[in-house]
Amino acid sequence: MNSKIVYLDNNATTPVAPEVKEIILETLDIYGNASSMHGPGRLANAAVSHSRKAVASLIGAEPEEIIFTGGGSESNNTVLNLVFSDIFENTGRDRIITTKIEHPSIYETVQTLETKGVKVTLIGVDGKGNLKMDELEEAMGDDVAIVSIMMANNEIGTILDIGEAARIAHSCGALFHTDAVQAVGKIPVDVKALDIDFLSLSGHKLYAQKGIGALFIKKGIPFCPLIHGGHQEAGRRAGTYNNTGIIALGRAAKLAEDQMEQEIPREQALRDDLKERLLATVPDITINGDQEAILPGTLNVSFPGAEGESILLYLDLEGIAVSTGSACATGSLEASYVLLELGLGPELAHSSIRFSLGAYNTQEDVDYVLEKLPPIIKKIREMSTL
Amino acid sequence: MSFMDEWVYTDTVKDHFMNPKNILSDPDYKEDGKGMVGSMACGDQMLVALKIENDIVVDLKWKTYGCASAIASTSMMSEMAIGMTLDEAYHLTPEMITDRLGGLPNHKFHCSVLGDKALRAAIDDYLERQGRENTFKKSVAKIICECKGVTDQQIEALVQSEEALSFEQLQEQTGLGTVCGKCKNTAKELFDELLHIYGH
């Protein structure tokens, strides 16, 4: 196995930042239960409060509006399950509206809720992944409890118009949630300006570790916990505070806030360079997703005639880590539902590769990919039935 | 830490993936029989071209659009089939190929199924070009539904001709699984696999 690793799968997960690693090691012995009144408890509580402020600041929220969770999937599940809570009792609101390109923690959760009697409406996207606003507007009604629209898509990087979607949801009295797991830390997010009621974020997508996330709950918005059994998070999420995870997420949030301004153009320049030089060196490829409103580091490319898992594994043998929308990589026979939803034919979906650049990628990484990838595509296409 | 040293597949799969054997690269290759199965839409497609002398496979070249397992199993299949009699080649099974590869993960098994199917399609084509009777077809038929005596080849023919594109249609036409019903699960798996292979 090649010892060189060029990691271009930051939308799947990010490495832990050295600054975050440092604070994890420094604070590993903060063992106190943050709910305890004694010294060790107060120390833990102070650390948790400090992190809560950092996370709130990153998205323009108040600290009391943030609760910590076990990750993005828990945050998403918590909000969608509100449909069964007292909040909507006797309101006649029993429908959830979401999109056809959500992450499985939304997509599969609403499918499960549907079997329990919840009505679900799925809104489509255009060829670039932008929400069909007219479809959303038409779908709205007095029976809608929650509208949940992702802020940025994990596979193609398209940034959706959340402000407009929130406005439409609120005009019918529905609550508005956004799964912002791919956006927070990568692009500026302001929950007040966007008028969001709930927002999910995840630690391991912004250089903290796995197993920690947060949920923004707008002040004054009715809420009901998913996990019961303790008064933590002001009764909004039971479970002893995850000191280390929370401290790490706080540090990562601060880091993201401090560095975003220079990081966005830097990642964008690397991504654009990769895109332009791929277009110039590899014949017959297509770029997927909205190239204007897109996450700075995400590049999704289809290489017709070359199957995605093969590309992924040849790149892996060269130490390059990417992901694919091909069915073969997942063990199903279906290609990525997101790419199919954009209207890409199955052949283009099976041939797709997602490069997601992050804070630790360099020009050297991009040059290395451009050295290794074109001959790989040529080799695969030569043995292809195309 | 040595976790990284373990690759997704066995060393043999890796070797055949990195250096696939017997790829068809000559556009003027004069084959005696040719077969293609699968479809790009389904994510894998295979083409096998054969040269036959005295009923022995003297050369085999292939092309594949597919994943690592598909590439490796076609490559391995090509090495195994060269030198075989038509009879032996026709009875090459996916299990024989995956055994030689040191195994494939369960969900990758279907990738190896296309290789031997393409090989059989190429032999069928050869016999047809020669105007010879195809006696092999019957010899590899496997009874799926004992009650109604339905074979895998009958099912395959109905899928191939698009006469049965849903399991219900298949049952209407063959009566499969309508008596004791115990073959239904096996039949359904085979049917889905065939739909995939023929790109429906």
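Only one of A:SER332, A:SER352, A:SER302, A:SER323 is at pLDDT below 95 and either assigned by TED's automatic domain parsing to the domain that holds A:LEU279 or crowded, with 20+ Cβ neighbours inside 10 Å (or both). Can you tell me which?
Numbers: A:SER352 fails: at pLDDT below 95; A:SER302 fails: at pLDDT below 95; A:SER323 fails: at pLDDT below 95.
Residue meeting the stated conditions: A:SER332.
Could you tell me which of the residues B:MET77, B:MET36 is among the aliphatic types (A, V, I, L, M) and farther than 26 Å from A:GLY325 by Cα? Full working, then the answer.
On the way: B:MET36 fails: farther than 26 Å from A:GLY325 by Cα.
The conditions single out B:MET77.
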*From the list B:GLU193, B:GLU189, which residue is surrounded by 15 or more Cβ atoms within 10 Å (Cβ to Cβ), at pLDDT below 90 and outside the structural domain of B:GLY66 (by TED's automatic domain parsing)?*
B:GLU193
*Exactly one condition in (1) surrounded by fewer than 20 Cβ atoms within 10 Å (Cβ to Cβ); (2) at pLDDT 95 or above is not met by A:ILE87; state its number.*
(2)
*Name the one entry in A:LEU370, A:LEU386 that is among the aliphatic types (A, V, I, L, M), modelled with pLDDT of 95 or more, over 26 Å from the mean Cα position of the chain (by Cα) and surrounded by fewer than 22 Cβ atoms within 10 Å (Cβ to Cβ).*
A:LEU370
*Options B:GLU79, B:GLU31: the member that is touching a strand residue (DSSP E or B) at 6+ places or on another chain (Cβ under 6 Å), at pLDDT 95 or above and away from chain A (no Cβ under 12 Å)*: B:GLU31
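What do you reckon, is B:VAL13 assigned by TED's automatic domain parsing to the domain that holds B:LEU119, buried (at least 20 other Cβ atoms within 10 Å of the Cβ), in contact with a Lys or Arg (Cβ under 6 Å, 6 or more places away or on another chain) and at pLDDT below 95? Steps first, please.
Numbers: assigned by TED's automatic domain parsing to the domain that holds B:LEU119: yes; buried (at least 20 other Cβ atoms within 10 Å of the Cβ): yes; in contact with a Lys or Arg (Cβ under 6 Å, 6 or more places away or on another chain): no; at pLDDT below 95: yes.
In short, no.
Looking at A:GLY305, A:GLY297, which one is in contact (Cβ under 8 Å) with a residue 60 or more places away in the chain, within 14 Å of chain B (Cβ to nearest Cβ) and not hydrophobic (A, V, I, L, M, F, W, C)?
Working: A:GLY297 fails: within 14 Å of chain B (Cβ to nearest Cβ).
Exactly one residue qualifies, and that residue is A:GLY305.
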*For A:ASP134, which of the numbered conditions (1) crowded, with 24+ Cβ neighbours inside 10 Å; (2) within 25 Å of A:TYR337 (Cα to Cα) fails to hold?*
(1)
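Filter the stretch B:88-110 down to residues that are among the polar types (S, T, N, Q) and closer than 16 Å to B:THR74 by Cβ and give me whichever is modelled with the highest pLDDT. Before you say what the answer is, go through the steps one by one.
The initial filter retains those residues of the stretch B:88-110 that are among the polar types (S, T, N, Q), namely B:93, B:98, B:106.
Subsequent filtering for residues that are closer than 16 Å to B:THR74 by Cβ retains B:93, B:98.
Numbers: B:THR93: 87, B:THR98: 90.
Among them, the one singled out is B:THR98.
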*Exclusive hit being out of contact with any Phe, Trp or Tyr (no Cβ under 6 Å at 6 or more places or on another chain), crowded, with 22+ Cβ neighbours inside 10 Å and over 19 Å from A:ARG381 (Cα atoms), set A:LEU274, A:LEU313*: A:LEU274
*Please give the number of the condition A:ASN11 fails out of (1) in the same structural domain as A:ALA174 (by TED's automatic domain parsing); (2) in contact (Cβ under 8 Å) with a residue 40 or more places away in the chain; (3) within 30 Å of A:LEU175 (Cβ to Cβ).*
(1)
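Given A:GLY163, A:GLY230, A:GLY211, A:GLY203, which one is surrounded by fewer than 22 Cβ atoms within 10 Å (Cβ to Cβ) and in contact with a Leu (Cβ under 6 Å, 6 or more places away or on another chain)? Give the steps one after another, and end with the answer.
On the way: A:GLY230 fails: in contact with a Leu (Cβ under 6 Å, 6 or more places away or on another chain); A:GLY211 fails: in contact with a Leu (Cβ under 6 Å, 6 or more places away or on another chain); A:GLY203 fails: surrounded by fewer than 22 Cβ atoms within 10 Å (Cβ to Cβ).
From the options A:GLY163, A:GLY230, A:GLY211, A:GLY203, the qualifying one is A:GLY163.
Is it the case, given these coordinates, that A:ALA17 is in contact with a helix residue (DSSP H, G or I) (Cβ under 9 Å, 6 or more places away or on another chain) and surrounded by fewer than 17 Cβ atoms within 10 Å (Cβ to Cβ)?
Numbers: in contact with a helix residue (DSSP H, G or I) (Cβ under 9 Å, 6 or more places away or on another chain): yes; surrounded by fewer than 17 Cβ atoms within 10 Å (Cβ to Cβ): no.
The answer is no for A:ALA17.
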*What number of residues within the stretch A:210-263 are closer than 25 Å to A:GLN182 by Cβ, in a helix (DSSP H, G or I) and touching a residue at least 12 places away in the same chain (Cβ under 8 Å)?*
18
*asked:* Quick check on this structure: which one of B:ALA68, B:ALA49 is touching a Leu at 6+ places or on another chain (Cβ under 8 Å) and either within 8 Å of chain A (Cβ to nearest Cβ) or among the polar types (S, T, N, Q) (or both)?
replied: B:ALA68
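The values are calculated or read from the model by the stated rules, or taken from the named source; none is laboratory data. All of these numbers come straight from a predicted model, not from anything done at the bench. When we count neighbours, we look across all protein chains shown, and the Cβ atoms used for this are built from the backbone with ideal geometry, even at glycine.
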